[in-house]
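The structure under discussion appears below in the form of structure tokens.
The values are calculated or read from the model by the stated rules, or taken from the named source; none is laboratory data. Please read all numbers here as calculations on a predicted model, not as lab measurements. Cβ: placed from backbone, ideal geometry, glycine included. Neighbour counts: every protein chain shown.
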Amino acid sequence: MATHKTLGESLREHGVTRRGFLKFCAATASMMALPPTMTSAIAAALEKARRPSVIWLSFQECTGCTESLTRSHSPTVENLILDVISLDYHHTLQAASGDAAEEARLQAMKENWGSYLVVVDGSLPGPGSNMGYSTIAGHSNLDILKETVEGAAAVVAVGTCAAFGGLPRAHPNPTGAVAVQDIITNKPIINVSGCPPIPTVITGVLAQYLTFGTLPEMDGYKRPLAFFGQSIHDRCYRRPFYDKGLFAETFDDEGARAGWCLYRLGCKGPSTYNACATMRWNAGTSWPVESGHPCLGCSEPDFWDAGSFYQALSVPMANPTNTMVAAGIAGAVIGGVGATMAKKQQQQAVAKRQPVTIEELEQKL
Amino acid sequence: MSTPMEFLLWTKGPMFDWAIAIFALGMLARLVEIFWLGRKPDYAEARGSEWGPGFRTMISRSLADPGTFKRAGFDVLVGWIWHLGFLIVLFLFIPHIELIKSLLGLSWPGLPNPVIDAVTAVTLVGLVAALIHRLRDPVKQHLSTFEDYLVWVVTFLPVITGYIAYHRLVNPYPVALGLHILAVEILLIVLPFTKLTHMFTAFIARWYNGAIFGRKGVQS
Amino acid sequence: MSELSLERGLDALRAEIDAPVAAFFSSCVHCGLCAQACLFYLETGDPQYTPIKKLEPLRRVWEAEFTLFGRLKGLIGLNKKVTDEMLAEWEPLLYDSCTMCGRCSMICPVGNDIQYMIRKTREGMVASGHAPEGLITAAARAVRTGSPMGLKWKTLQVQIEHVEASSGLKVPVDVAGADYLVLLSSMEIINFPEYLEAITKIFDHAGLTWTLSTDCYEATNAGIQIGNKDIAATLVQRIVDAAIKLKVKNVISPECGHAYTAVRWEGPNLIGKSYPFRVFHIIEVLDELRASGRIKTEGKEMDRLSMHDPCNLARKSGVIQQQRNLMDLVADNFVDLKEHGRYQWCCGAGGGVSSNERAAELKMTAFKRKKAQIEEVAPERMVTMCATCRTQLEEGLEEFNMDIPVVGLTELIAEHLVEK
């Protein structure tokens, strides 16, 4: 429920010391690659910030994004962020259910019209699909999205499903799943992709928006450059091994145990843009590559259909061997037919050949 | 094709199928068109054999004789350099080996990436040198047609796009990689209908050359 | 009377296309290195003499009718046609600036046997009526009289008598069952009569049986020069008939280049079957005699000698070591030209060029390649085993004021025979 306390008031209420608060602001500044001098600006802004209303819509999702978000590595502050943004609607985290929950959503929209944030996780069945695949309270995801976003200040699509369609959109896409940006074209959108996104990436984006009230600098996929501007490959600690040409070839060979590059085991790091290599997961404990597993490329569109997770990036997706054999046979037949025709022409030429005679040659003198 | 990833996946998916299909169809057609014609029987008494000399020439013709090397050394060297470079990069760069492994089940050790990088740079220079030579040498000018320049472009593009992709000079990476794969696909499609068939037919031609001369007792 | 026509020419080209031709044209990458092997290009600097380009008529037929893409292009009219004008334009390229020496075939990096295809393209040229006057008249004389120079037996008869008188030996004529039927070339008979005397002496010395034939004594083949299988077959058939009639086991081709190619390599295919006899070049026979100890020589030439390998003998037939073995017998100071054997340079007169008056100036220009080779080695005399090469060398050396006599290898051997 939205209150009219400022963020600063709210934090003090929760016993967060000034020192703790400033530590958070410094961490946020550094995460967004802002200079340390911005800390006080962030602190001042957050101090005064009204807890904006956030409406979290969950569509065709696995709840992994929410799980990720709640895996905080500085529990006090992350939880506070949750308290501090007025999370007025969230299937998993809210207390209310049923009609009361829907009522809460509509109420929040009305009271904060024009200034609330809509966060979406999960893809949704697009126009032309059977809406029955995903409904809430009898309403289609599509209708809810359009209705809810109408008064929003901005939309944050959390997770690859919301940002790009994700798993439901993978071939053959039975539900006709589409991404949020495929439906919403008249509101600012920030895509925070990842399957799931790193927790601090989610909160960092929210913190940025709270602090500045503006959209961050984004890439061509509308993802914040602060977290998605570098490829895994360019920040991977195993890059020297790639460069030297030292690769693990199986999951337990000498190279794997020595921590060599996982390119040959299917790592999609080169084409994946995310912060895993720097921020890592579980409070910086580790991340897939460090644990010895190739990057799946989960923050990229269509990563489920982008070829096997365990075949190198350079391997094509289809099985062209069959194509090659079939086309080769077709070619051999065509060539055979053509050559036979040509040989027949030759035989005709030979059959109707008149020997050249001296007399004929002398005619040309 | 509206996003970089869609473009990359298209080049790795349906476009690859098409390119391989056209290449296989065209190349097999060309090979059958050659072999089906056969040769008339030779009733003259042979002085030597055909098979041994044929196979020998398949390899030995790669080396220019000293006289030709002296007279056209630049041409011979540039040809060697860029062909060798191209083959080294194609067959000894680990991501390429993975590709070949997935297609044919064969694999072999590769070279370290920085070595391949250096070889690629040299190959690019070699290709440019070859083009300049074609533009300036009177004999090449007398022979050259539009096809020669088209073939140069479709040969150059895979190398330059590969270089660009490896160095991530174009962002985002899926675009760079997709362009490289597309460039290779264009090469595959154009191949069977141009002089690029020499990749395969030169060995046939060399065999026939060795065989014809070998039958007469001459090592060619 | 029927006429030679473009259509007949195209048919002839069509009939010539086989698997090697298809492989060759598929492989040409327009590298131009063949020009570096062609004495006509090197001595004129004119790219029009680039060997592979000389084959353009054949290549166009191949592309348009023997390839998938060519046929597709043909459907939308994109193929360049072979026309009478084009063939007329190509005639000097194929006849004046090519001796079919085969050096380009040796050099081509993708393995194209360009010489092989030149021979085939000439078939199309003749059938369409595009061939040099000199070759047409030579062919006419050869078919009608048996000799391209119109030489008759009675002229040869005079020479035979002269040889018999001079040597005291008999020159066998029409002797059935001899081991060897000896053929001659008109050029030799007229310009280098010492050849006949030389072989008479050597064969007597070595004790082998041989004979001339009044039915056929001419080895040269104007049909091969002009590039027409009908005329070539007619001329070869005479040799075959004579050999069969006299029941000889072997036929000897004289000191000539293309004659050897005609009888030894093309002949059986022209008549469509293997010979019931074997064919050798005189040099092969002499070397065989040397190796089996049947030639005993004494004394050596002491001056600095070098050798010109006739293309048809060395590069195109593999007779390379034999002449050197023979030189070792009779030369004390022999030095090879730098590029010799299979990489030797053509004298510039073979393949019909010497019969082609239109090509006279170009032929002399091309000779400069040989001249450069000779200058590099600076011999006092040159030795060779082909009458056409010998004539070209003599004329060329004279043209450039180089005082270097040219001798035939057979006569050199004969001069050093140990008297019995």
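Is it true that some residue in the stretch B:155-166 is under 26 Å from C:Phe24 (Cα atoms) and either surrounded by fewer than 21 Cβ atoms within 10 Å (Cβ to Cβ) or more than 7 Å from every other protein chain (Cβ to nearest Cβ) (or both)?
In the first step, residues of the stretch B:155-166 are kept if they are under 26 Å from C:Phe24 (Cα atoms); the result is B:155-156.
So of that shortlist, the ones also either surrounded by fewer than 21 Cβ atoms within 10 Å (Cβ to Cβ) or more than 7 Å from every other protein chain (Cβ to nearest Cβ) (or both) come out as B:155-156.
Yes: the stretch B:155-166 contains one or more residues that are under 26 Å from C:Phe24 (Cα atoms) and either surrounded by fewer than 21 Cβ atoms within 10 Å (Cβ to Cβ) or more than 7 Å from every other protein chain (Cβ to nearest Cβ) (or both).
Please count how many residues of the stretch C:130-152 are in a helix (DSSP H, G or I) and not acidic (Asp, Glu). Please lay out each step first, then the result.
At the first step, the residues of the stretch C:130-152 found to be in a helix (DSSP H, G or I) are C:133-145.
Subset that is not acidic (Asp, Glu): C:134-145.
Residues meeting the conditions: 12.
Taking the stretch C:396-420 as the region of interest, how many residues are touching a residue at least 12 places away in the same chain (Cβ under 8 Å), farther than 30 Å from C:Leu289 by Cα and surrounded by fewer than 17 Cβ atoms within 10 Å (Cβ to Cβ)? Of the residues in the stretch C:396-420, 3 are touching a residue at least 12 places away in the same chain (Cβ under 8 Å), farther than 30 Å from C:Leu289 by Cα and surrounded by fewer than 17 Cβ atoms within 10 Å (Cβ to Cβ). Residue check: C:Leu78 meets all listed conditions (1) modelled with pLDDT of 95 or more; (2) closer than 30 Å to A:Gly335 by Cα; (3) part of a loop (DSSP other than H, G, I, E, B) but one, namely (1). For the stretch B:41-97, the set of residues classified as surrounded by fewer than 20 Cβ atoms within 10 Å (Cβ to Cβ) and of a type in the set (S, T, N, Q) consists of B:Ser49, B:Ser60, B:Ser62, listed by residue number. Taking the stated definitions as given, is C:Ser105 out of contact with any Pro (no Cβ under 8 Å at 6 or more places or on another chain), without any contact (Cβ under 8 Å) to a residue 60 or more places away in the chain and crowded, with 24+ Cβ neighbours inside 10 Å? When the stated conditions are applied, C:Ser105 passes them.
Confirm whether B:Ser220 is within 13 Å of chain C (Cβ to nearest Cβ), surrounded by fewer than 22 Cβ atoms within 10 Å (Cβ to Cβ), of a type in the set (Ser, Thr, Tyr) and out of contact with any strand residue (DSSP E or B) (no Cβ under 7 Å at 6 or more places or on another chain). Before you say what the answer is, go through the steps one by one.
Values: within 13 Å of chain C (Cβ to nearest Cβ): yes; surrounded by fewer than 22 Cβ atoms within 10 Å (Cβ to Cβ): no; of a type in the set (Ser, Thr, Tyr): yes; out of contact with any strand residue (DSSP E or B) (no Cβ under 7 Å at 6 or more places or on another chain): yes.
So B:Ser220 fails the test.
Here is a check on your reading of the model: is B:Ser102 over 24 Å from the mean Cα position of the chain (by Cα) and of a type in the set (S, T, N, Q)? Considered against the rule, which asks whether it is over 24 Å from the mean Cα position of the chain (by Cα) and of a type in the set (S, T, N, Q), B:Ser102 comes out as no.
Matching residues to (1) over 13 Å from C:Ile413 (Cα atoms); (2) free of Cβ contacts under 8 Å to residues at least 40 places away in the same chain; (3) crowded, with 24+ Cβ neighbours inside 10 Å:
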residue: C:Tyr275; (1), (2), (3): yes, yes, no
residue: C:Arg278; (1), (2), (3): yes, yes, no
residue: C:Ile282; (1), (2), (3): no, no, yes
residue: C:Leu286; (1), (2), (3): no, no, yes
residue: C:Asp303; (1), (2), (3): yes, no, no
residue: C:Asn312; (1), (2), (3): yes, no, yes
residue: C:Lys316; (1), (2), (3): yes, no, yes
residue: C:Ile320; (1), (2), (3): yes, yes, no
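In the stretch A:253-268, the residues that are within 11 Å of chain B (Cβ to nearest Cβ) reach residues that are among the basic types (Lys, Arg) with C-beta atoms within less than 7 angstrom, at least six apart or across chains, in these pairs: A:Cys261/A:Arg238. Among the criteria (1) outside any loop (DSSP other than H, G, I, E, B); (2) within 14 Å of chain A (Cβ to nearest Cβ); (3) of a type in the set (A, V, I, L, M, F, W, C), the one C:Val163 does not fulfil is (2). Test A:Pro288 against the criterion of being more than 8 Å from every other protein chain (Cβ to nearest Cβ) and either in contact (Cβ under 8 Å) with a residue 40 or more places away in the chain or not in a helix (DSSP H, G or I) (or both), and give yes or no. Yes; evaluated as a whole, the condition is true for this residue. Can you work out which of the residues in the stretch B:9-25 that are within 7 Å of chain A (Cβ to nearest Cβ) and in a helix (DSSP H, G or I) is farthest from A:Gly328 (Cα to Cα)? So the residue we want is B:Leu9. Determine whether C:Ala366 is in contact with a helix residue (DSSP H, G or I) (Cβ under 6 Å, 6 or more places away or on another chain), over 22 Å from C:Glu266 (Cβ atoms) and buried (at least 24 other Cβ atoms within 10 Å of the Cβ). Here the answer is yes, as C:Ala366 does meet what is asked. Restricted to the stretch C:33-81, and to residues there that are within 12 Å of chain B (Cβ to nearest Cβ) and among the small types (Gly, Ala, Ser), the residue that is farthest from A:Gln347 (Cα to Cα) is C:Gly45. Restricting A:Ala312, A:Ala318, A:Ala283 to those that are assigned to a loop (DSSP other than H, G, I, E, B), touching a His at 6+ places or on another chain (Cβ under 7 Å) and either of a type in the set (A, V, I, L, M) or away from chain B (no Cβ under 14 Å) (or both) reduces the list to A:Ala283.
In this structure, does C:Ala232 turn out to be crowded, with 21+ Cβ neighbours inside 10 Å and more than 19 Å from C:Leu13 (Cα to Cα)? Walk me through it before giving the result.
Numbers: crowded, with 21+ Cβ neighbours inside 10 Å: yes; more than 19 Å from C:Leu13 (Cα to Cα): no.
When the stated conditions are applied, C:Ala232 does not pass them.
Scanning the stretch C:124-160 for residues being among the aliphatic types (A, V, I, L, M) and within 14 Å of chain A (Cβ to nearest Cβ) gives a total of 11.
Going through (1) without any contact (Cβ under 8 Å) to a residue 60 or more places away in the chain; (2) within 18 Å of C:Pro109 (Cα to Cα) one by one, B:Phe86 falls short only on (1).
Table: residues versus (1) surrounded by 19 or more Cβ atoms within 10 Å (Cβ to Cβ); (2) over 25 Å from B:Leu90 (Cβ atoms).
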residue	(1), (2)
A:Asp252	no, yes
A:Arg264	yes, no
A:Ala275	yes, yes
A:Ser286	no, yes
A:His293	no, yes
A:Pro301	yes, yes
A:Phe309	no, yes
A:Pro355	no, yes
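Conditions (1) free of Cβ contacts under 8 Å to residues at least 40 places away in the same chain; (2) surrounded by fewer than 22 Cβ atoms within 10 Å (Cβ to Cβ); (3) within 23 Å of C:Arg264 (Cα to Cα), marked per residue:
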position	(1), (2), (3)
B:Arg168	yes, yes, no
B:Gly178	no, no, no
B:Thr194	no, yes, no
B:Met199	yes, yes, no
B:Ala205	yes, no, no
B:Ala211	no, no, yes
B:Arg215	no, yes, yes
